[in-house]
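**Q** A single structure is presented below for examination.
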Amino acid sequence: IKSSPKSTFTTLAFRLLSVASSRVSLLKVVMTKRKAAATAAAAGLSQPTRAKSARTAAANKASTSSKLPPNFEWTQAGGLAKPGVPHMFVLSSSTAVAAKKCAVFDIDWCLIKPKSGGKWPKNASDWCWLFDSVPDKLKQLHSDGYRLLFISNQSGFEKGTTSPKEIMQKCELVISELGVPADVILIGSVSHFRKPDIGAWEFFVRDCNGGVEFDKSSSFFVGDAAGRPASGSHKKDFSCSDRMFAANIGLPFSTPEEFFLDEPKSEFDWGAPSPQSLLDAAASCSLPGNLLSSKQPELLLTVGAPACGKSSLAERVFVGEQGYSRANRDLLKTPAACLRLAEEAIKSGKSVIVDNTNPSRQDRAQYLELAKRLKVPARCLLMTTDKALAEHLNMFRQSQTASKVRRVPLVAYRMYYSKYSEPTVAEGFSEIVRVPFVYKPELLSQRDRKLILNWTTAGH
């Protein structure tokens, strides 16, 4: 039976309409998903969360042939280090029962190494156990009631040089082959979460173990960054950060060779002065008698490295107690704005402290010219804080503020010292006041008094 032209046209139109309708529906689904993803990205993750809706594409479980333990999934934690990159990727179970014992391990060159024989793996599958005894030891720990935690610094995530998906996939393959549950924390930023800082450990205890503290006498940490010197075929350790991390969280420490091969304890060097010794020296110092001046108004200019104590002194003594105005580039953003604030303060009859690093004569010249023009004395506060202490305080400030204030990069210290020219009266100062960093623990909270004594990789 032949169809009429009219019926053929009707059928064709109906089919076209159905296809169009399907495409519209598909488009709506795609747009809805994109809108949801954009909303989640804009909201960020200010607090650790297990919500699946908060994951970005990079945080989704890598598609592999691995089989994870039941209820284990990847989540983001700690907020965003930068758009699209969280501070941490965490593999854990939302139904895990709080444990009292925890066996903590670094990952690369502690549990596994590249199967290809190189220093760095070529892909997610390029790995093998560091020693044949590793999987059996881990399984025995699980049988003995230990919770297993694998933790690794992966700053390449924030720098964009390492693929989170590839590292996550490798971790899944490791756990799949191991055959027992293990939590994983990948720290993707140079922040207070990064070992040897304790942010990631505090997160794990609070959010993954129900806030139940582990028994530190029966828990332990194993890592390869142990400060060991070169010996035989073993090269010098690149860092002592793993040993520092164990000390900071209060866990016994072993190297992979000591734990898995029962080798004797190795010699090591922390690679930095102990925070306790630095702070003991600072606690014995005192502020100079000529710190304050009776001549008002005045222009006070600081000279000192980043995190040497300039701002604390300026805020506590000169702004808080003496009522000075404060010109600070971190707050005002430009040198011109700092100079303008200084001029306005002096013209209004107020003293001002210029709280910047000011390492060179050129940095200081414009303020000295201003003081000369407005006929007020200009004094220099030369901060004499030890370089190692300033770098330690830089890391402490990041920990203290939970990374709201990120550490000053080491390049900023190199730049400061390369530009540094010791200030002199000949420049136009009426006086050079040498000011040490004075440690007063009573000015800190109980938590901060503990944090400031933690080991840091300052200078590295």
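**Q** Does Ala412 count as outside the structural domain of Ala77 (by TED's automatic domain parsing) and more than 22 Å from the chain's Cα centre (by Cα)?
**A** no
**Q** I've got another one for you. State yes or no: is Val90 over 25 Å from Asp237 (Cα atoms) and modelled with pLDDT of 95 or more?
**A** yes
**Q** Can you run down the residue pairs with Cβ atoms below 9 Å, 6 or more apart or on separate chains, where the first is in the stretch 116-138 and touching a residue at least 40 places away in the same chain (Cβ under 8 Å) and within 16 Å of Lys170 (Cα to Cα) and the partner is of a type in the set (Val, Ile, Thr) and part of a strand (DSSP E or B)?
**A** Pairs that qualify, where the first residue is touching a residue at least 40 places away in the same chain (Cβ under 8 Å) and within 16 Å of Lys170 (Cα to Cα) and the partner is of a type in the set (Val, Ile, Thr) and part of a strand (DSSP E or B), are Pro121/Ile112; Trp127/Ile112; Leu130/Ile112.
Table: residues versus (1) crowded, with 20+ Cβ neighbours inside 10 Å; (2) within 25 Å of the chain's Cα centre (by Cα).
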residue	(1), (2)
Ser348	no, no
Ala371	yes, no
Tyr416	yes, yes
Lys450	no, yes
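**Q** Ser231 - would you say it is at pLDDT below 95 and not aliphatic (A, V, I, L, M)?
**A** Spelling it out, Ser231 is indeed at pLDDT below 95 and not aliphatic (A, V, I, L, M).
**Q** What are the residues in the stretch 205-227 that are under 19 Å from Arg243 (Cα atoms) and not in a loop (DSSP other than H, G, I, E, B), if any?
**A** Residues satisfying the conditions are Phe220, Phe221, Val222.
**Q** Return the residues of the stretch 176-227 that are in contact with a Leu (Cβ under 9 Å, 6 or more places away or on another chain), surrounded by fewer than 23 Cβ atoms within 10 Å (Cβ to Cβ), within 25 Å of Ala272 (Cβ to Cβ) and of a type in the set (A, V, I, L, M, F, W, C); say none if nothing qualifies.
**A** Matches in the stretch 176-227: Ile198, Phe220.
**Q** Kindly establish whether Ile167 is touching a Lys or Arg at 6+ places or on another chain (Cβ under 8 Å) and β-branched (Val, Ile, Thr).
**A** no
**Q** How many residues does the stretch 70-118 hold that are within 19 Å of the chain's Cα centre (by Cα), surrounded by fewer than 16 Cβ atoms within 10 Å (Cβ to Cβ) and within 23 Å of Lys139 (Cβ to Cβ)?
**A** Residues in the stretch 70-118 being within 19 Å of the chain's Cα centre (by Cα), surrounded by fewer than 16 Cβ atoms within 10 Å (Cβ to Cβ) and within 23 Å of Lys139 (Cβ to Cβ): 0 in total.
**Q** I've got another one for you. Just wondering, is there one or more residues in the stretch 150-171 that are free of Cβ contacts under 8 Å to residues at least 60 places away in the same chain, β-branched (Val, Ile, Thr), crowded, with 19+ Cβ neighbours inside 10 Å and assigned to a strand (DSSP E or B)?
**A** Within the stretch 150-171, one or more residues are free of Cβ contacts under 8 Å to residues at least 60 places away in the same chain, β-branched (Val, Ile, Thr), crowded, with 19+ Cβ neighbours inside 10 Å and assigned to a strand (DSSP E or B).
**Q** Quick check on this structure: which one of Val104, Val184 is more than 26 Å from Ala458 (Cβ to Cβ) and outside any loop (DSSP other than H, G, I, E, B)? I'd like the intermediate steps shown before the answer.
**A** Numbers: Val104 fails: more than 26 Å from Ala458 (Cβ to Cβ).
Matching residue, one of Val104, Val184: Val184.
**Q** So Ala272 passes all but one of these: (1) surrounded by 18 or more Cβ atoms within 10 Å (Cβ to Cβ); (2) at pLDDT 95 or above. Which condition number does it fail?
**A** Answer for Ala272: the failing condition is (2).
The values are calculated or read from the model by the stated rules, or taken from the named source; none is laboratory data. Treat the numbers as computed from the prediction; the structure is a model and nothing was measured. All Cβ positions, glycine included, derive from the backbone under ideal geometry; neighbour counts span all protein chains shown.
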